[in-house]
Amino acid sequence: MKKLLLLGDEAIGQGALDAGLSGAYGYPGTPSTEIIEYIQRNPEAKERGVHRTWSANEKTAMESALGMSYAGKRTIITMKHVGLNVAADSYMNSALTGANGGVIVAVADDPSMHSSQNEQDSRFYAKFALMPAFEPSDQQEAYDMPRLAYEISEKYHLPVMLRLTTRLAHSRAGVVRSNVLEENKMHLPENKDQFMLLPSFARKKYKHLLEIQKDLEMESENSQFNKYIQGSDKSMGIIACGLAYNYLMENYNDCNYPILKIGQYPLPRKQIERILSECDEILILEEGMPLVEEMLKGYLGNPKIHGRLDGTLDRDGELNPKKVRKALGLPKLSSKDIPELVAGRPPALCVGCPHTDSYKSLTEALEEYGKGHVFSDIGCYTLGYLPPHNAIDTCVDMGASISMAIGAADAGYFPAVATIGDSTFGHSGITGLLDAVVHRSNVVIVILDNDITAMTGMQDSQVNGRIEQICEGIGVEKEHIRVINPLSKYHEENVKVFKEEIAYNGVSVVIPRRPCIHVYSKKKRQ
Amino acid sequence: MKKDIILAGVGGQGILSIAAIIGTAAIESGLHLKQAEVHGMSQRGGDVQSHLRISDKPIHSDLIPNGGADLIISVEPMESLRYLPYLSENGWLITNTKAFVNIPNYPNYDDLMNTIRAFPNHISLDADEIAKNIGSPRSMNMVVLGAASTFLDLPYEKLEEGIKIIFGRKGEKIVEANLSAMQAGREIAKQNK
């Protein structure tokens with residue numbers, strides 16, 4: 001059969017579509033973005049009328065998906081690991097409401113922080129919520145897992161997590177498709193109280209969730225994605241989760257230990273007991289944080305368990321064949337060094353980027369106050385921290401620029417400036433701006449409007465064409481909503497606008513508006 | 001048959017198109033393939049790389065082990081050296097010689113080229129110049145692919161097919177430009193091999 005050449009992300013998209021998907025929701029975030037992008041451009045999805053739009057943020061995405069599940073349809077929500085923090089309120093409670101139509105929460109983690117602020121491991125969230133989780137080791141499993149995930153989700157009326165990491169999300173391989181399942185017909189939950197979490201209901205639902213844990217464990221024990229592979233040398237047993245299995249097998253010609261390959265959680269108790277009783281020492285290979293290792297090691301520290309906690313593997317960062325080889329105790333492969341003359345080439349704002357001009361004017365306007373006045377946010381413009389711009393001072397989480405500027409202003413710090421992109425403003429900035437208006441904070445909010453969600457690869461911005469209206473609606477005074485054109489020829493007047501708004505004691509919004517050069521050149525080509 | 005290839009360059013120089021064409025050619029030849037690429041922040045003018053693995057047997061890791069790559073194919077000279085720890089003992093280094101300077105501390109060009117030339121197994125060519133000379137300056141990456149084509153153990157027609165599939169929706173002209181760029185790179189590499 002002909003194979004499709006798909007990224008791990010795309011395989012999940014195709015897998016969900018072929019498993020009867022009716023609606024996909026999400027917010028772009030590396031390395032998860034290509035799941036929805038794939039569904040969005042897929043001609044079969046278009047023909048079927050599968051719903052597939054970006055949401056304002058991960059929380060609204062999660063809630064919209066719950067609504068689709070309420071109506072009986074299969075749905076998927078996609079996000080990066082830190083996005084799950086934003087969705088956490090609805091995500092945690094969804095373990096109690098459960099699902100009607102199947103729900104997959106697809107989360108892509110980013111160990112080594114290639115494009116992220118931390119390397120949190122979403123499997124902890126699955127365990128925290130008492131939700132089953134799937135973790136593919138390759139693109140074919142990424143395609144196959146949504147089908148089983150929907151089955152489990154509908155059998156136990158519970159959302160299911162599908163966790164993957166950067167390497168699989170952004171690696172391509174051939175994938176064989178299965179038959180295409182029909183979408184669910186619309187049907188409401190049999191129990192009309194299912195999605196009602198008044199405390200008296202929630203208590204019952206929590207007890208029920210606790211009760212079915214043993215059934216979920218049994219599902220894991222019988223799962224095709226958890227495999228016990230015999231080995232004659234029982235001096236060591238290896239538990240390999242998700243992608244880590246590949247790095248093990250890359251070195252396997254030299255090793256004959258029993259292996260437990262994990263692709264479905266909660267952990268399969270029977271197989272875990274077997275490998276622990278059968279083998280003298282246990283090596284745990286897991287991408288991300290030491291979740292399985294901590295569980296098996298216990299607080300007092302079972303000395304036969306080895307992995308990230310005892311230094312057999314690095315405590316942080318993503319795995320690779322080299323690290324796993326070392327953990328297996330195999331000799332180092334010979335390799336050359338990087339010649340000394342090779343210089344680092346960090347990412348940088350593109351030539352002609354509107355943010356460069358915005359920062360130049362803002363920095364000049366702030367010159368007389370010294371450094372340390374600009375709270376910033378998540379997006380391409382975070383690169384404005386680097387030379388030659390040196391224009392911003394903080395980057396914490398989506399929306400933090402505005403709220404941190406408020407807090408600094410409350411402390412008496414002047415001037416307090418926030419820079420936030422248009423899409424980030426729509427994601428988590430609007431509520432912060434409301435705080436600022438209500439308390440009449442002395443802040444300047446700079447909304448860098450480049451027409452698009454640029455960093456993740458040009459997705460639509462929810463607030464496109466609505467920014468002034470939103471600011472005015474929240475209560476920012478009209479004369480302090482200033483739109484400027486960030487081009488070097490307007491530099492002097494832009495500096496003046498920034499200076500005027502810094503001088504104003506109250507909430508100002510300055511909107512430097514110019515399309516991302518990639519949007520501009522694309523439109524020009526069309 | 002097994003080929004482990006590191007593709008290297010700077011964000012926006014078109015290494016993912018090279019990967020897509022080799023990948024398509026490999027799949028069309030019935031081979032297994034894994035190709036890890038870089039998306040997101042580092043694409044913005046930073047160093048980018050892709051691990052491309054082709055084999056007639058199933059492939060495990062998406063990443064190439066250190067010292068395991070048969071080829072480094074680079075569209076930028078300094079970037080070709082960044083991934084040397086991956087190159088195997090007898091591996092080949094194939095690189096464009098045109099420097100992409102967007103950092104203040106870019107190394108001295110002569111030192112850089114001498115380091116590359118010190119490799120017995122290397123092919124270097126000014127792919128930008130070659131692409132310009134045949135009238136398709138934007139096909140520099142295909143010139144580099146052409147230079148590497150004799151090392152891939154893939155039928156050349158499959159690579160041509162790959163270009164037709166990958167660039168097909170951009171029109172006949174673009175396909176032709178890329179095909180002739182690949183051919184030009186191939187010829188020059190054959191002369192220099």
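In region B:74-102, what count of residues is obtained for those that are surrounded by 23 or more Cβ atoms within 10 Å (Cβ to Cβ), touching a Gly at 6+ places or on another chain (Cβ under 6 Å) and either facing chain A (nearest Cβ under 8 Å) or among the aliphatic types (A, V, I, L, M) (or both)?
2
Could you look through region B:103-137, keep only residues that are polar (S, T, N, Q), more than 19 Å from B:Leu7 (Cβ to Cβ) and in a loop (DSSP other than H, G, I, E, B), and pick out the one that is farthest from the other protein chains (Cβ to nearest Cβ)?
Residues of region B:103-137 that are polar (S, T, N, Q), as a first pass: B:105, B:108, B:114-115, B:121, B:124, B:133, B:136.
Filter once more, so that each one left must be more than 19 Å from B:Leu7 (Cβ to Cβ): B:105, B:108, B:114-115, B:133, B:136.
Those left that are additionally in a loop (DSSP other than H, G, I, E, B): B:105, B:108, B:136.
Values: B:Asn105: 5, B:Asn108: 8, B:Ser136: 16 Å.
The residue in question is B:Ser136.
When region A:502-526 is examined, which residues are found to be surrounded by 13 or more Cβ atoms within 10 Å (Cβ to Cβ), farther than 18 Å from A:Tyr381 by Cβ and at pLDDT 95 or above? Break it down into steps so the answer makes sense when it comes.
Start the filter on region A:502-526 by keeping residues that are surrounded by 13 or more Cβ atoms within 10 Å (Cβ to Cβ), which leaves A:502, A:504, A:506-520, A:522.
Adding the requirement that they be farther than 18 Å from A:Tyr381 by Cβ leaves A:502, A:504, A:506-508, A:522.
Of everything in region A:502-526, those that are surrounded by 13 or more Cβ atoms within 10 Å (Cβ to Cβ), farther than 18 Å from A:Tyr381 by Cβ and at pLDDT 95 or above turn out to be A:Ile502, A:Tyr504, A:Gly506, A:Val507, A:Ser508.
With the structure loaded, tell me whether B:Ala177 is over 28 Å from A:Leu341 (Cβ atoms), buried (at least 20 other Cβ atoms within 10 Å of the Cβ) and of a type in the set (A, V, I, L, M, F, W, C) or whether it fails that test.
Working: over 28 Å from A:Leu341 (Cβ atoms): yes; buried (at least 20 other Cβ atoms within 10 Å of the Cβ): yes; of a type in the set (A, V, I, L, M, F, W, C): yes.
In short, yes.
Whether any residue in region B:13-28 is at the interface with chain A (Cβ under 8 Å from one of its Cβ atoms), over 30 Å from A:Leu349 (Cβ atoms) and under 14 Å from the mean Cα position of the chain (by Cα) is what I want to check.
yes
With respect to A:Ala348, is the statement that it is within 14 Å of chain B (Cβ to nearest Cβ), hydrophobic (A, V, I, L, M, F, W, C) and in contact (Cβ under 8 Å) with a residue 12 or more places away in the chain true? Let's see the steps before the verdict.
Numbers: within 14 Å of chain B (Cβ to nearest Cβ): yes; hydrophobic (A, V, I, L, M, F, W, C): yes; in contact (Cβ under 8 Å) with a residue 12 or more places away in the chain: yes.
So A:Ala348 fits the description; yes.
Could you check region A:101-134 and list, in sequence order, the residues that are under 26 Å from A:Gly23 (Cα atoms), among the small types (Gly, Ala, Ser) and within 14 Å of chain B (Cβ to nearest Cβ)?
Passing the criteria: only A:Ala108.
Any chance you could count how many residues in region A:91-107 are touching a His at 6+ places or on another chain (Cβ under 7 Å) and under 15 Å from A:Gly26 (Cβ atoms)?
Matching residues across region A:91-107 total 1.
Please give the helices (runs of 4 or more DSSP H) falling wholly within region A:31-89 in which 3 or more residues are surrounded by fewer than 24 Cβ atoms within 10 Å (Cβ to Cβ) and on the phi > 0 side of the Ramachandran plot. Before the answer, list the steps.
Numbers: elements: A:34-41, A:43-48, A:58-70.
Helices (runs of 4 or more DSSP H) meeting the threshold: none at all.
Just to verify a result, which residue in region A:299-317, among those that are part of a loop (DSSP other than H, G, I, E, B), surrounded by 13 or more Cβ atoms within 10 Å (Cβ to Cβ) and out of contact with any helix residue (DSSP H, G or I) (no Cβ under 7 Å at 6 or more places or on another chain), is farthest from the other protein chains (Cβ to nearest Cβ)?
A:Lys304
Quick test for you: out of A:Thr431, A:Thr456, pick the one residue that is under 27 Å from the mean Cα position of the chain (by Cα) and part of a helix (DSSP H, G or I).
Numbers: A:Thr456 fails: part of a helix (DSSP H, G or I).
Step by step, each of A:Thr431, A:Thr456 is checked, and only A:Thr431 is under 27 Å from the mean Cα position of the chain (by Cα) and part of a helix (DSSP H, G or I).
So A:Asn179 fits all but one of (1) out of contact with any Asp or Glu (no Cβ under 9 Å at 6 or more places or on another chain); (2) within 18 Å of A:Leu4 (Cα to Cα); (3) not basic (Lys, Arg); what number is the exception?
(1)
Restricting attention to region A:239-249, which residues are touching a residue at least 40 places away in the same chain (Cβ under 8 Å) and within 14 Å of chain B (Cβ to nearest Cβ)?
Taking region A:239-249 first, the residues touching a residue at least 40 places away in the same chain (Cβ under 8 Å) are A:239-248.
A:Ala240, A:Gly242, A:Leu243, A:Ala244, A:Tyr245, A:Asn246, A:Tyr247, A:Leu248, listed by residue number.
Being in contact with a strand residue (DSSP E or B) (Cβ under 8 Å, 6 or more places away or on another chain), at the interface with chain A (Cβ under 7 Å from one of its Cβ atoms) and within 21 Å of A:Leu4 (Cβ to Cβ) is the filter; apply it to region B:33-60 and report the residue that is surrounded by the fewest Cβ atoms within 10 Å (Cβ to Cβ).
Here the answer is B:Glu37.
The values are calculated or read from the model by the stated rules, or taken from the named source; none is laboratory data. Just so it is clear, the structure is predicted and the values come from calculations on it, not from any experiment. Because the Cβ atoms are built from the backbone with ideal geometry, glycine has one as well, and the counts that use them run over all protein chains shown.
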